[in-house]
Structures are given as structure tokens and as C-alpha cells.
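Colleague: The structure's right below; bear with me while I get my questions together.
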Amino acid sequence: MPVILVANPKGGVGKSTVATNIAGFLARRGHKVMLGDADKQQSSRRWLGQRPAELPAIQGWDFDDEKTVKPPKGVSHVVIDTPAGLSGKSLKSLYKLADRIVIPLQPSLFDIQATFDFVRKLNDFREQNLRADAGPELGIVGMRVKDGTLSMQQLQGFLPELGVPVLALLRDTQNYVQLAARGLTIWDVAPSRVERDLSQWQELGVWLDAPRE
């Protein structure tokens, strides 16, 4: 059962947007998806509460106080939304669980610095041999990207230093906001309405579909 963790300790980078749309992508492909929300704000859980019943089903998942992982039988994919400030035992526990970690990143100095430190921490976990295997695969998703801006230039200059593949650069659009308010994803509306956005997800979709190496 693939477990996809969407994480970055920096708040407001778009973790819930990425997590809900990954869940929507997987559900649209016929998978039995569970969306867990480890964030006290419960953004993803509230989003699930708005999701129309006729759309591909996404099952919610309640964490207990110790983040115990008890996925129900019959689930094929798990997506976990995480809180800002994720660290310590909670981060280590989720790292041990994850098959893939998607790291949303906005093109700002503060986000870049926080993400650099976060990736370094994940690499430390790998070096500490917290798992018997090589650990989860990491991927970056650029959020609210505006071509031709100074912040975008800074982001492009920084990304090679991370040593983590860039899976998508998602544009700054109200599509995600408007759809989220109705419990929808870009996979739940007419493709012509979100054509540009769907194209930006192609490489990320291939990565999500690919078997672990």
C-alpha cells in the first residue's frame, strides 16, 4: 500500500492543496484512497466534508493522539496531509511510514530556507538508517509559481542545491481555491476548464504511478 506524505514544516505553502489533489488524482484512476489529516487545523478533513458523494470516493482517516497508523482494510493508497512545524517524534514516525514524500515549496526566501533545512533533516534520517530500506523517495512541487518574477528566479537557482527532483511547478491560480471550497480537485471538472493545470501535473502523476525502485 503506497503511503504518500505531503510535508513541509513551513506553514502556508499549499500542503492541503497538494494532498487533496493527489488524493483526487488517485481516486479518479480507480484506486481506493484514504486521506489522512495530521494537521490540527483539519483542512483536508473539512475538504472531505464538502466533497460531493457522486465523485470518486476518498475515505477519511482519523489519527489518534499518538499518530497511530491503522489504515482500514481494502485501501490501496494513503495520502497524509501534515501540519506546519512538523518535527521530532511525529516527523520521525511519519518518515518511517512513508513510501514517498512530496514537499510543496513556494518561491520565497523564507520557504526556501525552511525547505533546505527540512530536506537536510530527511537526509539525516536516511543516514541514521531509521528504516531497513533506502527510505522514502522525495519530490519537490513548486507552488504559486509566476514566470518571470524575481522570486521564481531565486527558486530556480536554489532547486539544484536540494538534490531532490522537481516534479511540478504549479501556477498561481484561483482554480485550486475555488474547487477546494466545493470539495473538488482539478480531476473532478471538465478538462477544458483546467487544461493548463492538468498539464503541470503530468510529471507528478507519472511519479505517483511509478512503482518504487
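Quick note: the coordinates plus some simple rules give every number you see, no bench work behind them. Only a predicted model underlies this, so the values are computations on that prediction, with no experimental measurement involved.
Colleague: Taking H as built 1.01 Å from N, whose amide H comes closer than 5 Å to the amide H of Gly11, not counting residues under 5 places away?
Modeller: Correct list: Gly85.
Colleague: Can you check how the C-alpha radius of gyration of the stretch 1-121 compares to 2.2 N^0.38 Å, as a plain ratio?
Modeller: Relative to the 2.2 N^0.38 Å estimate, the stretch 1-121 comes out at 1.03.
Colleague: Based on a Kirkwood Rh over C-alpha pairs, give the Stokes-Einstein translational diffusion coefficient of the stretch 70-111 at 20 °C and viscosity 1.002 mPa s in µm²/s.
Modeller: My calculation gives 170 µm²/s for D.
Colleague: Once the cut-off is 21 Å, how many percent of the Cα-Cα pairs in the stretch 121-213 end up in the long-distance tail? Don't jump to the answer; show the numbers that get you there.
Modeller: Numbers: 2060 of 4278 pairs.
Result: 48 percent of Cα pairs exceed 21 Å.
Colleague: Calculate the tail of P(r) for the chain: the fraction of all Cα-Cα distances greater than 23 Å, expressed in %.
Modeller: When all Cα pairs of the chain are counted, 43 percent exceed 23 Å.
Colleague: With runs of 4+ DSSP H residues as the only contributors, calculate the mean residue ellipticity of the chain at 222 nm using -39,500 (n - 2.57) per run, divided by the residue total and rounded to the nearest 500.
Modeller: Only helices count here, giving -12000 deg cm²/dmol.
Colleague: Something else: Suppose a student asked you for the relative contact order of the chain, using Cα pairs under 8 Å spaced at least 6 residues apart; what percent would you report?
Modeller: Result for the chain is 26 percent.
Colleague: Give me the count of lysine pairs in the chain whose alpha carbons sit under 16 angstrom apart, restricted to pairs 8 or more positions apart or on different chains.
Modeller: Lysine pair count for the chain: 13.
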